[in-house]
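Down below is the structure, laid out as structure tokens.
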Amino acid sequence: MTTGAPTPTYPARPRRSRLRTFLPLGVAAWLVLEIWLLTLVAGAASGFTVFLLLVAGFVLGSVVIKRAGRRAFQNLSETLQQQQSGTPPTAGRGNGNGLMMLGGLLLMIPGLISDALGLLLLVPPVQKALSAYAERAIDRRMSQAVPGPLGDAYQQTRIHRPDGKIVQGEVIRDRSEGA
């Protein structure tokens, strides 16, 4: 029985991205491969050897993360001191601290594949290549972005009404109310 009100038509759902589709499958395959490799190494050597490898990876990863964090904090302190003294900051990069932290995190995750990837991220030529690739990718994305002030993103609003209709509007704040 209908009441005469039109049935709300909702827009079609947007397609899921490939990343959202295949990421759970990739993580599951990675976990199965890690467990299989650990059991293979445990069968060839011993369970105690695998345990020592996992503990050594965890300890090494924590040392790497601590060192990279100290370097990042030292760089931040130097930059702040340069800004306070009025000298322009030098055009220094992050010096691979983010990739070192990621490598340390991968070393801390139990598994031999993640340990190998973590150790690979600690090699300076690999860090430079990944940093250059990431910088190019970010520059490419930024050049495709629509220019405009950031404040415009916060001024737009949508009101979802109970009947399913969307009312688009703009928020205007009166200066006398907020201050």
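Only the coordinates and a few stated rules stand behind these numbers; no lab work does. Quantities reported herein were computed from a predicted structural model and do not represent experimental measurements. Methodologically, a virtual Cβ is constructed for each residue, glycine included, from the backbone with ideal geometry; neighbour enumeration extends over all protein chains shown.
Points worth noting:
- Rough spin-label spacing in nm, given labels placed 7 Å along Cα→Cβ, for Glu135 and Ala44: 3.9 nm
- Gain on full extension, evaluated as 0.36 nm per residue between Ser62 and Trp30 minus their Cα-Cα distance, stands at 9.3 nm.
- Of the peptides 130-143, 25-38, the ranking by mean beta-carbon count within 10 Å, highest at the top, reads 25-38, 130-143.
- Set of the range 24-57 residues, backbone N closer than 14 Å to the point 7 Å along the Cα-Cβ line of Arg16: 24-28
- Shown in residue order for the range 32-43 are the 3J(HN,Hα) couplings computed by the Karplus curve 6.51 cos²θ - 1.76 cosθ + 1.60 at θ = phi - 60°: 4, 5, 4, 5, 4, 5, 5, 5, 5, 5, 5, x Hz (x for Gly and Pro).
- The 3J(HN,Hα) values that the Karplus relation (6.51, -1.76, 1.60; θ = phi - 60°) gives for the range 59-68 are, in residue order, 5, 4, x, 5, 5, 5, 5, 5, 5, 5 Hz. Gly and Pro appear as x.
- Net length available on complete extension from Thr79 to Ala145 is 20.9 nm, with 0.36 nm assigned per residue and the Cα-Cα distance removed.
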